[in-house]
Amino acid sequence: MSETSTPGRGLRVLRAPETLLDEPGARLSHGGVLDTPSGLFTVLALERRPGPPRPAGSVSPWLVYLTEPGRRDALLALPGLFGDAEHGVQVTVCSFGPVRDPGRLVMAVHHPDLPRSLGVFLDSPVTPSSSAAWLVEPAVLPPPAPQPVQVWHTGLLRIRNLLFTHLEATPDSPGTAGGPGTPDLVDDPAWDLSSRRPEGTPRPLQAGFPDGAHHRRGAASAGPGHSSYDGILSAPDSPALFTWTCHPCGTTAEQTVRPR
C-alpha cells in the first residue's frame, strides 16, 4: 500500500481548478482539466439555489465541448450528472476522449440556467479558484505488479463543505479504449457491477473515509474500456484518512485530508 497517491505515467494536469462564473444565484467552477489515460477530462461544479428536480429520463441541459477557434466542428462531451440537492451543488463529469493537441483548444460550456455561455482557452494563464480547490491532487494509483489497466483519480475537490472524487480504471493499451485488443472491463467477473456479483464481494472501485464516514452520494458505472466511481462526501472537521482502492488490481492509495 502506498502512503500517498503519486502522479504517475499517463496523467497530466493541464489546468488547476478555476471559477468560470461567480454571480448572485450561480457560481460555476471546473475541478481541473486533466489529460488522463482515457483522454481529456474535467469536472464542472455548479453552485446555486436548489431548484425543482428534473423529471426522470429527461435530457441533460448541459452542452460542453472542445473546439479550435475558427473551426465549425467540435468534440462533444457526454456529461454525467451527479449532485447534492441539499447543498445546492451539481457536479457534471465530462470525458472527451483522446485529444492530440489540447493546448490549441477552447472548452465551451452552455447551460440554460447560466446568464451566458462560458469558455476557457486551455493554453491561457490559469486564475486559481477561490471556491473550488484540491485537497488532494489528481494521481495514478501505482500497481503492486504490472497490470493491463491504469487506475487514476481526479483528486479530492472541495466545493463549499463538500468533497468530490472520480476514480477510474482504463485499459493500458494503445489506441482508443474499447478498440481491438482492449481488455473488456464489462464481462470480466472481477469488474462486475451487477447483482450477479457474489455476496460479500466488494465493488471493483471504492473511494472514501474509513467505515463510510462522511459519505453522501456514490455511483459506479462501467462500459467497454472503462470502470469508474464518483463520490460526494462531507468535508471532515479534523484530519482524516481518505483511500482510493481498485480491488481487481490489488492497488490502494491513501492520503490524510486536512480541513482548510
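The values are calculated or read from the model by the stated rules, or taken from the named source; none is laboratory data. None of the values given here were measured: they were computed from a predicted structure. Note: ideal-geometry Cβ built from the backbone for every residue, glycine included; neighbour counts use all protein chains shown. For accessibility, only protein heavy atoms count, side chains too; no ligands or nucleic acids. Shrake-Rupley method; radii C 1.70, N 1.55, O 1.52, S 1.80 Å.
Annotations
- If you go through the stretch 23-39 and keep only what is out of contact with any Pro (no Cβ under 6 Å at 6 or more places or on another chain) and of a type outside the set (Gly, Ala, Ser), you end up with Glu23, Pro24, Arg27, Leu28, His30, Val33, Asp35, Thr36, Pro37.
- Listed by first and then second residue, the pairs with beta-carbon distance under 9 Å, at least 6 apart or on different chains, first residue in the stretch 61-75 and without any contact (Cβ under 8 Å) to a residue 12 or more places away in the chain, second of a type in the set (Ser, Thr, Tyr) and surrounded by 10 or more Cβ atoms within 10 Å (Cβ to Cβ), are Asp73/Thr67.
- Residue in the stretch 3-16 that is modelled with pLDDT under 85, open to solvent by 20 Å² or more (accessible area, probe 1.4 Å) and basic (Lys, Arg) present: yes
- Residue-level check: of (1) assigned to a loop (DSSP other than H, G, I, E, B); (2) under 25 Å from Ser228 (Cα atoms); (3) modelled with pLDDT of 90 or more, Met107 misses just (1).
- When the residues of the stretch 23-35 are filtered to those that are out of contact with any Ser or Thr (no Cβ under 9 Å at 6 or more places or on another chain), modelled with pLDDT of 85 or more and of a type outside the set (Asp, Glu), the one that is least open to solvent (accessible area, probe 1.4 Å) is Ala26.
- Note on the stretch 142-190: residues that are hydroxyl-bearing (Ser, Thr, Tyr) and modelled with pLDDT of 95 or more amount to 2.
- Apart from one condition, Trp134 fits all of (1) within 17 Å of Ala45 (Cβ to Cβ); (2) in a loop (DSSP other than H, G, I, E, B); the exception is (2).
- The C-beta contact set for the stretch 124-144 (first residue farther than 14 Å from Leu11 by Cβ and in contact (Cβ under 8 Å) with a residue 24 or more places away in the chain, second residue polar (S, T, N, Q) and open to solvent by 20 Å² or more (accessible area, probe 1.4 Å), distance under 7 angstrom, 6+ apart or interchain) comprises Ser129/Thr19; Ser130/Thr19; Ser131/Thr19; Ala132/Thr19.
- Top-ranked residue of the stretch 110-131 - restricted to ones that are out of contact with any Phe, Trp or Tyr (no Cβ under 9 Å at 6 or more places or on another chain) and assigned to a strand (DSSP E or B), ranked as surrounded by the most Cβ atoms within 10 Å (Cβ to Cβ): Val120
- Which numbered condition Ser131 fails, given (1) more than 30 Å from Cys249 (Cβ to Cβ); (2) at pLDDT 95 or above; (3) among the hydroxyl-bearing types (Ser, Thr, Tyr): (2)
- Looking only at the stretch 36-85, and only at residues there that are β-branched (Val, Ile, Thr) and more than 30 Å from His214 (Cα to Cα), the one that is modelled with the lowest pLDDT: Val59
- Here the stretch 192-224 is the region considered, the condition is being touching a Leu at 6+ places or on another chain (Cβ under 9 Å) and modelled with pLDDT under 85, and the residue that is least open to solvent (accessible area, probe 1.4 Å) is Gly223.
- Test result for Gly231, buried (at least 20 other Cβ atoms within 10 Å of the Cβ) and closer than 21 Å to Thr251 by Cβ: yes
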